[in-house]
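Undergrad: The following block contains the structure, expressed as structure tokens.
The values are calculated or read from the model by the stated rules, or taken from the named source; none is laboratory data. What you are looking at is a predicted structure, and each value in this text was computed from that prediction instead of being measured. In this analysis, Cβ positions are derived from the backbone assuming ideal geometry, glycine residues included, and neighbour counts consider all displayed protein chains. Heavy atoms of the whole protein, side chains included, go into the accessibility calculation; ligands, DNA and RNA do not. Shrake-Rupley method; radii C 1.70, N 1.55, O 1.52, S 1.80 Å.
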Amino acid sequence: MSLADVYSPDAFRRMGHALIDQLADHLAASTSRQASQAIPYQSPDESLAFWQADATQPLLDTPDAFFADVLARSTRVHHPHYVGHQISAVAPAAALAGLLTELLNNGSGAYEMGMAGNAIERIVVEHLAHKIGYPATAGGVLTSGGTLANLTALLTARAMLPRDIWHDGTGTEKLAIIVSEEAHYCVDRAARIMGLGDAGILKIPVDGRFKMRTDLLENTLARATEAGLTVFAVVGSACSTSTGSYDDLVAIGRFARLHKLWFHVDGAHGGGAFFSPKYQHLLAGAEDADSVVVDYHKMLLVPALATALVYKRGDDAHRTFQQRAQYLWDVVADSTTADWYNSGKRTFECTKFMVGVKVYTLMRLYGDALFEENINTLYDLGATFSTLIKQRPDFELAVQPECNIVCFRYLGGETDSVALNTLNATIRATLLAEGRFYVVQTTLHGQTYLRVSLMNALTTEADLAALLNAIEIVAAGLPVSEV
Ligand SMILES: Cc1ncc(COP(=O)(O)O)c(C=O)c1O
């Protein structure tokens with residue numbers, strides 16, 4: 001091996017062509033259901049043992065065999081029986097854009113290192129801002145995931161307080177945010193990272209549809225104020241993770257305005273519906289939020305991670321981080337100056353990958369029609385699946401789904417709640433080990449439910465009926481191959 005070999009364009013071309021062939025075959029086997037398993041499950045120990053043995057083998061001439069092993073030992077998100085976690089069945093063109101940007105490796109935090117990346121990022125964010133219903137003064141950033149985006153939004157919210165916490169620290173002031181008890185755990189984590197502690201995370205209970213009880217907001221704020229807390233933000237979930245429930249953003253926004261609180265919408269999962277005239281009503285009120293997060297790697301077909309954090313007033317983004325880094329930003333050294341093209345000033349990342357290019361590839365190839373059709377198909381599938389569940393007396397729907405997340409359980413005549421938990425956990429474990437369907441589970445009101453996220457638009461009603469058949473068969477103690 002010489003370094004010249006490593007950079008050989010010819011070798012790259014050969015390896016690249018071979019990889020594309022492998023990926024195209026993999027995709028074909030998944031989408032056609034020719035691959036019998038959505039997940040070739042191995043336990044963590046089995047998986048580690050395989051790779052430990054692999055690591056002791058002689059060096060390879062080409063990566064083909066290694067790539068084949070990775071493919072064979074990974075979950076197939078393009079398989080129509082993949083109905084597990086909220087991760088997109090990537091549009092292949094977006095994956096190719098990933099290859100493009102990874103070879104270019106322009107770290108977009110500073111303008112010269114991301115000339116195309118920064119300009120494209122701005123266009124992507126402004127397009128989403130328009131879809132949200134924000135004014136032309138809106139703006140924002142792309143960043144590495146909803147978790148980081150939610151933390152960033154809350155840091156921006158905190159920067160609006162009169163006290164200069166960035167420079168002076170929190171002092172004795174006790175800060176707090178309000179959020180639903182069903183919000184994604186990353187909001188809780190963000191609050192803790194910011195030093196808010198248990199007392200600073202005011203969790204509002206949910207109603208029967210797992211939506212924030214907005215009638216409790218006033219009282220919660222009054223009690224917190226009495227207790228000496230300074231509440232500075234309220235977060236709406238659009239939608240929640242477990243059940244896919246959209247909070248009432250109009251009511252939360254009204255409350256936030258009345259009390260001059262920052263209103264943040266976590267649309268990491270459900271924000272894709274901004275692209276769907278059929279389902280965007282679920283997001284009504286988001287246009288009044290101060291900030292909104294949307295993951296492109298969940299509902300919008302882009303590989304992880306690809307998240308937009310959009311501010312109603314784009315300038316707010318410049319308040320979040322107030323570092324000076326002259327070696328990076330020597331032209332305008334003060335990071336509060338609104339130079340949109342140095343996106344690193346507004347995001348957590350220093351080296352930042354060209355995430356916008358993957359989104360923009362889909363925008364240029366297919367326009368908004370792709371995002372709209374994907375959302376409509378997946379959300380419609382959620383309704384179809386709930387109908388199938390209701391038609392079978394042995395099954396119970398946890399809550400009528402609003403989107404593509406459906407929680408349900410198998411009853412099979414059992415009424416004891418502990419036995420039902422065991423039964424459903426066993427069904428899930430058996431399905432996982434068998435691998436033909438990939439479903440996950442969640443706990444609602446202390447009860448175990450099977451949970452499906454319909455992330456693949458190629459999943460059909462027949463696939464979902466087959467899943468319910470498989471569950472019945474597993475519950476009867478028979479092998480799934482009987483389906
Ligand atoms: C509502 C919600 N917010 C935030 C997140 C975290 O996003 P990420 O996985 O992109 O960090 C998730 C992930 O499932 C989510 O469902």
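Undergrad: Separation of segment 243-266 and segment 452-483 by C-alpha centroid, Å?
TA: The distance from the Cα centre of segment 243-266 to that of segment 452-483 comes to 37 Å.
Undergrad: From the helices alone, meaning DSSP H stretches of at least four residues, give me the mean residue ellipticity at 222 nm for the chain, per-run term -39500 (n - 2.57), in deg cm²/dmol to the nearest 500.
TA: -13000 deg cm²/dmol
Undergrad: Of all the C-alpha pairs in the chain, what % are more than 40 Å from each other?
TA: Percentage above 40 Å: 26.
Undergrad: Helix hunt in the chain: which complete DSSP H runs extend at least 27 Å axially by C-alpha with mean Kyte-Doolittle at least 1.6?
TA: Helices meeting the span and hydropathy rule in the chain: none at all.
Undergrad: What does the extension gain come out to for residue 447 and residue 87, with contour length at 0.36 nm per residue minus their alpha carbon separation?
TA: Extra length available between residue 447 and residue 87 comes to 127.1 nm.
Undergrad: Stretched out fully, how many nm does the piece from residue 136 to residue 46 gain, at 0.36 nm a residue minus the Cα gap?
TA: Contour length minus Cα-Cα distance gives 27.1 nm.
Undergrad: Rounded to the nearest 0.05, what FRET efficiency do residue 417 and residue 72 give with R0 = 51 Å and r taken as the Cβ-Cβ distance? Could you check?
TA: My answer for the efficiency is 0.80.
Undergrad: What distance in nm lies between label points placed 7 Å from Cα along the C-beta direction at residue 366 and residue 64?
TA: Roughly 3.1 nm, to one decimal.
Undergrad: Shifting gears a bit: Given a 1.4 angstrom probe, what's the average accessible area per residue across segment 106-366, in square angstrom?
TA: Value for segment 106-366: 39 Å² per residue.
Undergrad: Report the Cα centroid-to-centroid distance between segment 83-142 and segment 1-44 in angstrom, as an integer.
TA: 25 Å
Undergrad: Sticking with this one: Under the rule a/c < 1.5 gives rounded, and otherwise a/b versus b/c splits prolate from oblate, where does segment 106-366 land using the Cα gyration tensor?
TA: It is oblate, given that a/c is not under 1.5 and a/b is not larger than b/c.
Undergrad: For the chain, give the magnitude of the charge dipole about the Cα centre (Cβ charges: +1 Lys/Arg, -1 Asp/Glu; no others), in debye to the nearest 20.
TA: About 800 debye.
Undergrad: Oh, and also: Please work out the Kirkwood hydrodynamic radius for segment 131-236, using every pair of different C-alpha atoms, and report it in angstroms with one decimal place.
TA: 15.0 Å
Undergrad: Students often get this wrong, so check it: of 211/298; 174/203; 260/298; 131/390; 131/345, which have C-alpha atoms separated by over 27 Å?
TA: Over 27 Å apart, Cα to Cα: 260/298; 131/390.
Undergrad: Could I ask something else about it? Going toward the positive end of the dipole of the chain, with +1 on Lys and Arg Cβ and -1 on Asp and Glu Cβ, which of 411, 11, 245 do you reach last?
TA: 245
Undergrad: Report the paramagnetic label zone for residue 21: residues of segment 37-65 whose backbone N is under 15 Å from a point 7 Å from Cα along the Cα-to-Cβ axis.
TA: Counting backbone N atoms under 15 Å from the label point, the list is 62-65.
Undergrad: Ok, one more. Taking the Cα of residue 400, stepping 7 Å toward and past its beta carbon, and measuring to each backbone N in segment 224-263: which are under 14 Å?
TA: 246
Undergrad: Under a crude label model (7 Å from the Cα following the beta-carbon direction), how far is residue 207 from residue 426 in nanometres?
TA: The modelled label-to-label distance comes out at 3.8 nm.
Undergrad: Carbon and sulfur together cover what percent of the accessible area of segment 106-366 at a 1.4 Å probe radius?
TA: Carbon with sulfur: 54 percent of the solvent-accessible area.
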